[in-house]
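Some notes on the structure that comes next.
The values are calculated or read from the model by the stated rules, or taken from the named source; none is laboratory data. Keep in mind it's a predicted model, so treat the numbers as computed, not measured. Cβ: placed from backbone, ideal geometry, glycine included. Neighbour counts: every protein chain shown.
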Amino acid sequence: MTDRPATPLLDRVHTPADLKHLSDGDLRRLAQELRAETISAVSVTGGHLGAGLGVVELTVALHAVFDAPRDKIIWDVSHQCYPHKILTGRRDRIRTLRQEGGLSGFTKRSESPYDPFGAAHSSTSISAALGFAAARDLGGDPGDAIAVIGDGALSAGMAYEAMNNAGHLKKRLIVILNDNEMSIAPPVGAMSAYLTRLYAGAPFQELKAAAKGAISLLPTPFQDGAKRARDLFKQMTVGGTLFEELGFSYIGPVDGHDLDQLLPLLRTVKARAHGPVLIHAITKKGKGYAPAEEARDGGHATAKFDVLTGEQKKAPSNAPSYTRVFAQSLVQEAAHDPRIVAITAAMPDGTGLNLFAERFPARCFDVGIAEQHAVTFSAGLAAGGMKPFCALYSTFLQRGYDQVVHDVAIQRLPVRFAIDRAGLVGADGATHAGSFDVAFLANLPGFTVMAAADEAELVHMVATAAAHDEGPIAFRFPRGEGVGVDLPERGRPLEIGKGRIIAEGGRVALLSFGTRLAEVSRAAEALTARGIATTVADARFAKPLDRDLILNLARNHEALITVEEGAIGGFGSHVAHLLAEAGVFDTGLKYRSMVLPDIFIDQASMERMYAVAAMNAADIEAKVLATLNIGQIAERRA
């Protein structure tokens, strides 16, 4: 008789409460199944793999010990939350991750009561958890607050602001430092080195634990003196820890993959903790899946892949990505100008600056997850005579906005902002959409704001920024591949504030800002086929506006429609202000502005997201017909 295969434990887990009925041995087996399920799911959907694999045991231990959703488990960034989602009633939908109508790739309050706080940006978890703890003590939602934060996130000042406040308030709060020596790229900075020293000093931590245990065996009159002696010894040997100086009880380092360590430790903390506690857990990004473990980034983000080989299934492309075009153009400019330097905030690969760092290592600065510092550091470089290119995703530049205003714009410092992931971004959804940068930059005095219509224009805008020393300048470009145009050998500086005519018409003018130009041109072709002569123009600049171009378009056409990949308040709003001040509306011009809708658009393919935003060629054609009162086209393409 052959033994039947054991029924998967994961099939018996529908909510975290089901883990309470499992033995520690069963929990170890469950962790193995959870890791396999995570790998299987991400192979189908693509997404953030390595971070989730690194916290499988930690996820199991947290849900086995604590009582979610009464206890609030807050995952910093939350790209590591796939195992958490599987254990919290969403296993049946886990293969819809990052797809239209499916599960978010991050925690999301509207998705589940087990997601107490939404996240997708770094270093927010301790602040949020402390807020939950304070609310609890004021009679709000009961339960513990547990923040799980990665070592890379400790390069952001917000984490220290929260820890400083937590140490002052002395509220019961549990912080788990998930130290995998990785964020997206290998971590940088003094904090990373400090954590490494703590890990290397593990024997001292074991000695500290042993000393605590020995003291508890002494008669009461001797315990106070022994405690003072132990603390003195600790100061002499390991110098205390930064976390203890901030008011946390520090425990660790512990093996974050060893449930025999994690379970009793978390149970003890749950039963006995007073005030803020920090547990330092050592993990490995991509743990348990060889292709992820061997990858430079620990398998951070992947396309769909073959589970057996790890080979990713990427669609072939004939066009380079905008990010790569930017990076290669910047390297080319830097080869001619030794004052050009590049700054990134923990995203050397994502922004393409890994190529710059390979060529000019002394002129490339990865400042860690610290966008505020990145901006002001760039301002200092500019004030010191360099030509800094601060390369950030649009959604991350938001984190440094006060510094953009106070440290760059007011001082008119020539910082060059290379804004990647401008516009909608697909599977990462609303948290990563670059919707607002035009609006929040173009309203700043002295700022120059550009948007590339295609990859060739991007090459010219890099050259324009390199040559521009009259105050700050920004250029934006989207995620993904270019349209396949021929690239110039080297960019040429554009005349500041001057757009260009793409096609001449007579009745309607379409004025595009950014990469919707391809859709605008398709719409113009359809309109021309209907007998509506259409002019197409590329604005290039949202600030300063090309007054002559815009006013000529307005005065010589029945209707003028602007199209941009940004929120209301951006390019179209500036054009409307110009037209109003120039009195053009008094002549009967029909003006319309096509912008992203006033909603946060959930994840889908980029094509579908722009369809939701009504910014594809068919939508532009329909807008023109409605503006001219000709009527809608018979059927709008999805």
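Points worth noting:
- Qualifying residue in the stretch 440-457 (condition: in a helix (DSSP H, G or I), in contact with a strand residue (DSSP E or B) (Cβ under 7 Å, 6 or more places away or on another chain) and not assigned by TED's automatic domain parsing to the domain that holds Leu553): yes
- Qualifying residue in the stretch 43-57 (condition: without any contact (Cβ under 8 Å) to a residue 24 or more places away in the chain and under 22 Å from Arg95 (Cα atoms)): no
- Which numbered condition Gly288 misses (of (1) outside any helix (DSSP H, G or I); (2) under 17 Å from Asp151 (Cβ atoms)): (2)
- Pairs meeting the criteria (first residue in the stretch 436-448 and among the charged types (D, E, K, R), second residue in a loop (DSSP other than H, G, I, E, B) and buried (at least 22 other Cβ atoms within 10 Å of the Cβ), beta carbons under 9 Å, at least 6 apart or on different chains) are Asp437/Ala422; Asp437/Gly566; Asp437/Gly570.
- Boolean, Asp437 is of a type outside the set (Phe, Trp, Tyr), modelled with pLDDT of 95 or more and out of contact with any strand residue (DSSP E or B) (no Cβ under 8 Å at 6 or more places or on another chain): no
- The stretch 298-330, subset in a loop (DSSP other than H, G, I, E, B) and of a type in the set (A, V, I, L, M, F, W, C), residue farthest from Ala465 (Cα to Cα): Leu308
- Any hit, the stretch 486-493, residues being at pLDDT 95 or above, under 26 Å from the mean Cα position of the chain (by Cα) and on the phi < 0 side of the Ramachandran plot: no
- Filter result for Ala346 (crowded, with 21+ Cβ neighbours inside 10 Å and either hydrophobic (A, V, I, L, M, F, W, C) or out of contact with any strand residue (DSSP E or B) (no Cβ under 9 Å at 6 or more places or on another chain) (or both)): yes
- Leading residue by the ranking (nearest to Ala518 (Cα to Cα)) among those in the stretch 458-479 that are of a type outside the set (Gly, Ala, Ser) and in a helix (DSSP H, G or I): Leu458
- Note on the stretch 304-343: residues that are among the polar types (S, T, N, Q), surrounded by 15 or more Cβ atoms within 10 Å (Cβ to Cβ) and touching a Gly at 6+ places or on another chain (Cβ under 7 Å) amount to 3.
- The stretch 506-525, residues that are outside any strand (DSSP E or B) and buried (at least 19 other Cβ atoms within 10 Å of the Cβ): Gly514, Thr515, Arg516, Leu517, Glu519, Val520, Ser521, Ala523, Ala524
- Count of residues meeting criterion [among the aliphatic types (A, V, I, L, M) and modelled with pLDDT of 90 or more] in the stretch 298-344: 10
- Of the strands (runs of 3 or more DSSP E) lying entirely inside the stretch 535-638, the ones with 2 or more residues being closer than 30 Å to His460 by Cα and of a type in the set (A, V, I, L, M) are found at 559-564.
- Residue within the stretch 560-571 that is more than 34 Å from the chain's Cα centre (by Cα) and in contact (Cβ under 8 Å) with a residue 40 or more places away in the chain present: yes
- Meets criteria (out of contact with any helix residue (DSSP H, G or I) (no Cβ under 6 Å at 6 or more places or on another chain) and either in contact (Cβ under 8 Å) with a residue 40 or more places away in the chain or of a type in the set (Ser, Thr, Tyr) (or both)) for Asp144: yes
- Failed condition for Ala611, given (1) out of contact with any strand residue (DSSP E or B) (no Cβ under 9 Å at 6 or more places or on another chain); (2) buried (at least 22 other Cβ atoms within 10 Å of the Cβ): (2)
- Residues of the stretch 1-59 satisfying the condition of being surrounded by 20 or more Cβ atoms within 10 Å (Cβ to Cβ) and assigned to a loop (DSSP other than H, G, I, E, B): Val13, Gly46, His48, Leu49, Val55
Residue-wise test of (1) of a type in the set (Lys, Arg); (2) at pLDDT below 90; (3) under 20 Å from the mean Cα position of the chain (by Cα).
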position: Thr88; (1), (2), (3): no, no, no
position: Arg98; (1), (2), (3): yes, no, yes
position: Gly105; (1), (2), (3): no, no, yes
position: Ala135; (1), (2), (3): no, no, no
position: Ala193; (1), (2), (3): no, yes, no
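- Qualifying positions in the stretch 134-147 - out of contact with any Gly (no Cβ under 7 Å at 6 or more places or on another chain) and surrounded by fewer than 23 Cβ atoms within 10 Å (Cβ to Cβ): Ala134, Ala135, Asp137, Leu138, Gly139, Gly140, Asp141, Pro142, Gly143, Asp144
- Which listed residue, of Arg93, Arg109, is in a loop (DSSP other than H, G, I, E, B) and either closer than 24 Å to Ser605 by Cβ or out of contact with any helix residue (DSSP H, G or I) (no Cβ under 9 Å at 6 or more places or on another chain) (or both): Arg109
- Residue in the stretch 362-376 that is surrounded by the most Cβ atoms within 10 Å (Cβ to Cβ), counting only those that are over 14 Å from Val405 (Cα atoms) and of a type outside the set (Gly, Ala, Ser): Ile369
- Output for the stretch 32-67, where each listed residue is in contact with a His (Cβ under 9 Å, 6 or more places away or on another chain) and under 13 Å from His84 (Cβ atoms): His48, Ala51, Gly52, Gly54, Val55, Val56, Glu57, Leu58, Thr59, Leu62, His63
- Taking helices (runs of 4 or more DSSP H) as the structural unit, no element lying wholly within the stretch 331-413 holds at least 2 residues that are among the basic types (Lys, Arg), in contact with a Leu (Cβ under 8 Å, 6 or more places away or on another chain) and outside the structural domain of Glu470 (by TED's automatic domain parsing).
- So Asn164, is it in a helix (DSSP H, G or I) and either touching a residue at least 12 places away in the same chain (Cβ under 8 Å) or not assigned by TED's automatic domain parsing to the domain that holds Arg70 (or both): yes
- Residue list for the stretch 143-157, restricted to those being modelled with pLDDT of 95 or more and over 14 Å from Pro276 (Cβ atoms): Gly143, Val148
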